[in-house]
Amino acid sequence: MNQQELLNDYRENLLGVFGDPSLVLTSGKGATVTDADGRTYVDLLGGIAVNALGYGHPVWVEAVSRQAGRLGHVSNFFTTPEQVSLADKLLNITGAPSSGKVFFTNSGTEANEAALKLVRSHGNSATPAKKRILALDHGFHGRTAGALAATSKEAYRTPFEPLPGGVVFVEPTTEALEAAFEYDVAGLILEPIQGEAGVHPLPEGFLAAARRLTREHSALLVVDEVQTGMGRTGRWLASQDVLTGEQAPDVVTLAKSLGGGFPIGAMLVMTPEATRVLGPGNHGTTFGGNPLAMAAGLATIQVIEDEGLLERARTVGQGLRDGLAPIDGVAEVRGEGLLIGIDLDLSQFSTDAPAPAVVSEARDRGFIINATGPATLRLAPPLVIEGAHIDAFLEALPTILDAVRSV
Ligand SMILES: *Cc1c(COP(=O)(O)O)cnc(C)c1O
């Protein structure tokens, strides 16, 4: 079947929650993907910050294939060497205190569900119980009911209310956070850089204030690094430079890049207080910790280390941001490493929502990018993306913007 026929069948047979997909992809190599009609694209979105190693990295392919031939799944009545190794490795690279422990999930939203249950249980064990969980305006934590309850976007929430209660949204400013803290706060969940909102970093000093306030009120600090973690920003955790050692968060959640394309998530429970909350019988998952996912995670970390991809994310990301900023039609460039948000200059376009048109124009010219809002683009390319791909995109973008301007 050709691409159009496959897309027609998709519409027929798949639930339309994602809208119509624009391409049918059949293969990938490095930072490029190929569609069912044989056209190749430079992928500047990386499966939404997932494909850190790009596509078909030989070390990853070998590790996952080997594991598939050896042991594909065991129940959580048992463990595997890969599970033990990945937990150890994650605690190590994230600088977790010696008290640190890991719970594996299959996705980001499940890692956040686990974290929210942990916070709820922590709050319930206080006397009197602490019933409120703070989350930030514009924050995104996933689509399952608990994580959605901590996600601020009305359009995602409203059709599904009532959602699990007790979440209070706070403006992401230090003053608003200070004002929101009272005895009854059980925990605070935040992203160090708000990815789905358009790659907005938290204000200077916010993370330190969050750590101080949660401590002062015996509340737990949950840092959602599902999008920002695992090297995306040039560090294993985006929060690592502030929230480290004594200042470590109570909980960190990871997913997206963690498996280099294999579905996996993790909740890292860092502090002694937090590790005491959940015990036998309190939580579970059938697939979490699956050996294939563990092998994928170990291979991903190994390649990031062996190929110096943290450093690469920093230098290539800086080059990309420096190249984007002066382009006519770009109003602002944000982000760290290879997680980049671009605001378009609305005064130059005849529509107040040019971003989706830019995405489709870019696709027609062989580049995959994403719009997080009407005038905001996001880039989260594989950490292995080549300089030539970046240069090609920077060269094409003015023409892409011109084409959108002229409609
Ligand atoms: C993508 C994302 C999630 C949800 O992860 P899924 O794997 O889609 O469930 C949660 N938090 C953040 C910050 C994310 O970017």
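The values are calculated or read from the model by the stated rules, or taken from the named source; none is laboratory data. Computed from a prediction, not measured in an experiment: that's the story for all the values here. Here Cβ is always computed from backbone atoms with ideal geometry, including for glycine, and neighbour counts include all displayed protein chains. To get the accessible areas, we keep the full protein, side chains included, count just its heavy atoms, and leave off ligands, DNA and RNA. Shrake-Rupley method; radii C 1.70, N 1.55, O 1.52, S 1.80 Å.
Miscellaneous remarks
- Unit charges on C-beta of K, R, D, E only; dipole of the chain, Debye: 1200
- Dipole axis of the chain (+1 Lys, Arg; -1 Asp, Glu on Cβ), positive-most option in Val359, Ile390, Ala126: Ala126
- In a simple Cβ point-charge model (Lys, Arg +1; Asp, Glu -1; nothing else charged), segment 93-154 has a dipole of about 240 debye relative to its Cα centre.
- Given charges at Cβ of Lys, Arg, Asp, Glu: the chain dipole, positive-most of Thr271, Ala52, Ile327: Thr271
- Residues of segment 61-306: accessible area per residue with a 1.4 Å probe, Å²: 40
- Annotation for segment 338-395 versus segment 274-291: alpha-carbon center distance of 39 Å.
- Helix 291-306 vs. the chain, principal-axis angle (Cα, 0 to 90°, nearest 10): 70
- DSSP-defined beta bridges in segment 61-306 - what % are antiparallel, rounded to 5: 40
- The angle separating the long axis of helix 387-405 from the principal Cα axis of greatest extent in the chain is about 70 degrees.
- The separation of segment 173-248 from segment 1-59, counted between C-alpha centres, amounts to 33 Å.
- Under the criterion of Cα pairs below 8 Å and six or more residues apart, the relative contact order for the chain equals 21 percent.
- GNM top mover of Glu386, Glu305, Glu204 - the chain, alpha-carbon springs below 10 Å: Glu204
- Candidates Leu379, Leu221, Leu71: whichever shows maximal mean-square fluctuation once the chain is modelled as a Gaussian network with Cα springs under 10 Å: Leu71
- Relative to the longest principal axis of the Cα atoms of the chain, helix 309-324 runs at roughly 50 degrees.
- Taking a straight Cα-Cα cut-off under 27 Å and skipping sequence neighbours fewer than 8 places away in the same chain, the lysines within cross-link reach of Lys117 are Lys89, Lys101, Lys130, Lys131, Lys153, Lys256.
- P(r) of the chain over all Cα-Cα pairs, binned every 20 Å from zero, in whole percent: 27, 58, 15, 0
- For the options Asp137, Asp88, Asp20, a Gaussian network treatment of the chain with springs between C-alpha atoms closer than 10 Å singles out Asp20 as fluctuating the most.
- Surface share of carbon and sulfur [accessible, 1.4 angstrom probe, percent] for segment 128-195: 59
- For segment 67-206, the Cβ-based charge dipole about the Cα centre amounts to some 620 debye (Lys, Arg positive; Asp, Glu negative; other atoms uncharged).
- Leading residue at positive end of dipole, the chain (Cβ point charges), from Val316, Leu346, Thr151: Thr151
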